[in-house]
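The values are calculated or read from the model by the stated rules, or taken from the named source; none is laboratory data. Quick caveat, the model's predicted, so the values are computed rather than measured. Cβ atoms come from the backbone with ideal geometry, glycine included; neighbour counts cover every protein chain shown. The area values use the complete protein model at the heavy-atom level, side chains included, leaving out ligands, DNA and RNA. Shrake-Rupley method; radii C 1.70, N 1.55, O 1.52, S 1.80 Å.
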Amino acid sequence: MWRVLLQRVLMLLPVLFIVGTVVFLLIHLTPGDPAAFMLGPDATPADVDRLRSALGLDRPLPVQYAQWMYRAVQGDLGASIFLRKPVPAAILERL
């Protein structure tokens, strides 16, 4: 029984990696600038640039992916842009 459980867990790892990669790419393929959306239409370009830098959106895509995956593995899912609250709190609220 332990052998079957270990096999299932080992098969789950590549699936989680693929799903995580697809989610990351979908997030970055959506139109619009998340920093501009978060700050609203009255934001100055300097404010948007500061927030992009603070969020790490000014870094190359592979660096962003590595940081995102590292935080996701640790359980840090970040904050929702739309709800303006931590993602785990938003998930628990919906459950």
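Just to verify a result, which residue in segment 65-82, among those that are without any contact (Cβ under 8 Å) to a residue 24 or more places away in the chain and in a helix (DSSP H, G or I), is farthest from H28 (Cα to Cα)?
V73
Look through R8, R3, R52 and report the one residue that is open to solvent by less than 100 Å² (accessible area, probe 1.4 Å) and free of Cβ contacts under 8 Å to residues at least 24 places away in the same chain.
R52
One residue is enough: does segment 25-33 have a residue meeting the conditions surrounded by 10 or more Cβ atoms within 10 Å (Cβ to Cβ) and either small (G, A, S) or at positive phi (or both)?
No - not one qualifying residue is present in segment 25-33.
Given the criteria aromatic (F, W, Y), modelled with pLDDT of 90 or more and open to solvent by 70 Å² or more (accessible area, probe 1.4 Å), does Y65 qualify?
no
Would you call V15 closer than 17 Å to V73 by Cβ and either part of a helix (DSSP H, G or I) or of a type outside the set (V, I, T) (or both)?
So V15 fits the description; yes.
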